[in-house]
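Below is one structure; the comments refer to it alone.
Since every read-out is calculated from the coordinates, none of them should be taken as a lab result. From a predicted model like this one, the values you see are computed outputs, not experimental measurements. Note: ideal-geometry Cβ built from the backbone for every residue, glycine included; neighbour counts use all protein chains shown.
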Amino acid sequence: MALFGLLNKKAQKQPETVETKTELEPSFQLHADDVVVACKVSTKDDVLALMSEKMLQRGYVSEDYVAALSEREDKVSTYLINGVAIPHGTESAKNLVTRTGLIVLQLPAGVVWNDKGDVVHLAVGIAAKGQEHLALLQQLTKVVMDAELASSLGTCATLNTIVNTLNNTEAPAEQAPATDLDHATAVTVVDPAGMHARPASILAEMAAQYEGTQIRIRNAGNMANAKSMAELLTMGATQGDELMVSAQGDKAEQAIQEICQAIHKGLDGDVDAENTQSYQQITTISALKTPKGAHIAKGSSASSGIAMAPVYILMGEDQMSIDKDASDARAEQRRLNTALETGRTQLTDIEQSLLNSAPQESAIFKAQRQLLLDESILNDAQQHIIQGRSAAWSWKASVQKQIEALEQIKDERLSARVADMTDVSARIVNLLLNHSAQIRFPDHEFILLAKELTPSQTVQLKDVPVQGICTEQGGPNSHMAILARALGLPAIVGIGEPLTTTTLQNTLVLLDAQSSQFIVEPDESTQAQGKQLINAWQAIVDTQNKEKHLAPVTLDGHTMEVVCNIASPGDAESVIEQGGEGVGLLRTEFLFEASAVEPSVEEQQLALQQIIEHLGSKQLVVRTADIGGDKPVSWMDMPKEDNPFLGVRGIRLSFKHEDMFRRQLEAIYRTAQWQTAKGEKPGLHIMFPMIANLAEWRKARDIAEQVRVQLDAPVLPLGIMIEVPSAVLCADHFAKEVDFFSIGSNDLTQYTLAMDRLHPELPSDLDNYHPALLRLIKMTVDAANKHNRWVGVCGNMAADPSLACLLTGLGVTELSISPANVAAVKHLIRSMNYQDLKEKSELALTLSDPAQIKALFEHSAN
């Protein structure tokens, strides 16, 4: 009772100061997250350990606080009366407290607290940095004096009742509207795809760095913990939504500033639209004609190709038995922590294994790893464990809660992320149950049929004789579909029929991704047709790979150049391996986007040297930083623009930040000096993006020349991107001065047709055949030919077989594409007659209907 008297004494001490503090900070309240009901712990040590963990999670203390709590108990028992105790740390440990907070544990079974045998049912842990909590403790004194109320709170009261009683309020906690924290700033979502997995993962990782600081993000009435990737996804934020970022804690303002800047500048700039189809086969083969079989199902094509083999049906693991209850909460928490650590290691290994062969796809597993650090999921799981649930049951239930929330959002891209969360849930449950997640696939050729396939299951197909994939659920944007393309496997998704339960194992099936049809037990005629198409497709692929290092010369002797688009030094090796004749576009944005500050001249030079180590003297066209529009960087001051695609981007931004521009040019010219000193002829070219008029070109050229002269570096070819219609209309003037043109077909298309290429409803597969676009390309080629300049194309057009034929016929000199598409494009060119393509292109220029133009060249590519 001595401590109880001291509590009252503290509450009465310095009344003027306390009163003033209460007026200044009336908002101190117990939060629902501060309360754990129905705890199943048996000793005081367990209570103190759990209390310390919660304090650390809530950001009230900077490190483990259990020693401070235990030391106080050793000095004097914190038991009050009527089953209530108020554990708190010693004065010497006050430096560990980052902000004031309370943790309340309900202990229905009771815990013996001291040598007198006093039993505690309600433990109110205190981490006090100031005195702002004293008003709440005064309310607690009223509670402990009421034996019946204290007993109710400690044994059977709901979480809401505890929160409302101690806060002296009536409104139920869960009915309170979503509220912002002390500091708040509004910011608008600029990413075209909204808050999908990648941006949510980046934000959660960023927020997690601010330990001890609460951060929330609100989209209208939907509030999310910024440290929870899962909760961020369930906000359903789309482009144009205004978010409110709020925080409280020592670094609240700093956290808000960093997060708002990241959202404002865009979180999805590392995904270049030009790379989204890098791993699809571009060879075109005919679809099956009038197939017949025991059953034919139709879905959506996710990856091109055709295959026939016995089916292997992957059955789900829903029947896996998971015990709900456990007796030792601390042991279960330790088991979960160990499983999470192992899971993170596994996902890191998978990510690293994909970095070279499928760098974009490797990000899938980075995002999954972030889910294992998700604060909301971890907190929910811990609550379940405290209440006597097993680690496996708690983890699965906590992830399922987020899945159900995500399923309420009507957005295909977000719905596709449910598979990732299911995958993460299964990985940890398997580890906790010592169940191997490794699938025993057949050792003979097979086609995989599954209800749905997770990314972790898909990546296991790398080294097995699988010929194709068919799933009942999922869509072409799912991570499984993306990985299937990376693995080069024909795939059909979303057939919508329960074939996994109606088809027998090892039944012969035919998967035709060209027509999106899955034929069960095809008849003899369909089998014969399938074999013919499979052989034709395989022959084409084999020939492509066998001849990928041969020059792309047409049947009548016209030579083309087939080079590659790359975005990092790690891509350079694949250029040579896949038969690329150099690099037609190095997107240097990777250096700027991946760094927290501007990369130094030395860092930029090192990256270029690493690429040249693979390329030697082969062509390397370095595009200066094309930042802005859909490619923001976090460290650069870039004010919000109403229309960033028509604002300060590309060369305009380089002029605005001329020192940065000069440093990038210095890195390029120093690299040329380094290569010359090695006894090699530099293959470096410099290309300026978003040039709209001659003045911009001349200014960029003059700055480059100044940098070159200062360094006494070798002269390098200088060219421009043709992305703006004005550059085409003045191409005859540009051609007198530049060394080369490179047509950025993606931007040229969107600026010509006044259409955002990332808009979900506007782009069409006919856009690249638009007569206006083709005439602009022809004008560029004619101007270049007049002055003996070469013209490349480095957008999506160059990798499409029909469009590659069209571009060749229009007189384009060079096609710059993904390394994975080089073999197919070179093979295509070698099978064509240039004069025929030229005549078809001339005919195309007279047509007004894009569909007619497409039909004209589709025949050429087949």
Size of electric dipole in the chain: Cβ of Lys, Arg +1 and of Asp, Glu -1, about Cα centre, debye, nearest 20: 540 debye
Counting each DSSP H run of 4 or more residues in the chain as -39500 (n - 2.57), what helix-only mean residue ellipticity at 222 nm follows after dividing by all residues, to the nearest 500 deg cm²/dmol? -13500 deg cm²/dmol
Cβ-based charge dipole, the chain, positive-most Cα from Val715, Gln750, Ala381: Val715
Could you work out the relative contact order of the chain? I mean the mean sequence separation of Cα pairs under 8 Å and 6+ apart, divided by the number of residues, in percent. 10 percent
For the chain, whose charge dipole is built from +1 on Lys and Arg Cβ atoms and -1 on Asp and Glu Cβ atoms, the candidate among Phe655, Cys470, Ala262 with its Cα farthest towards the positive end is Phe655
The chain: antiparallel bridges as % of DSSP beta bridges, rounded to 5, reads 50 percent
Placing +1 at every Lys and Arg Cβ and -1 at every Asp and Glu Cβ, with all other atoms neutral, what dipole size does the stretch 431-503 have around its Cα centre, in debye to the nearest 20? 160 debye
Angle check, please: helix 771-786 long axis (alpha carbons) against the longest principal axis of the chain (alpha carbons), in degrees 0 to 90, nearest 10. 60 degrees
Longest principal axis of the chain (C-alpha) makes with the long axis of helix 252-265 (C-alpha) an angle, in degrees to the nearest 10, of 20 degrees
Helix 801-810 against the longest principal axis of the chain: what's the angle in degrees, Cα atoms only, rounded to the nearest 10? 50 degrees
For Cα Rg over 2.2 N^0.38 Å, with candidates [x] 1.12; [y] 0.98; [z] 1.05, the value calculated from the shown model is option [x]
Burial ranking of peptide ranges 243-249, 735-741, 781-787 (average Cβ count within 10 Å, highest at the top): 243-249, 735-741, 781-787
Would you grab the residues whose amide H sits under 5 Å from the one on Gly388? Only those 5+ places off in sequence or on another chain, please, with H modelled 1.01 Å from N. Lys40
For the ranges 401-408, 89-96, 744-751, what's the packing order if you count other beta-carbon atoms within 10 Å of each residue, average per peptide, and put the highest first? 744-751, 401-408, 89-96
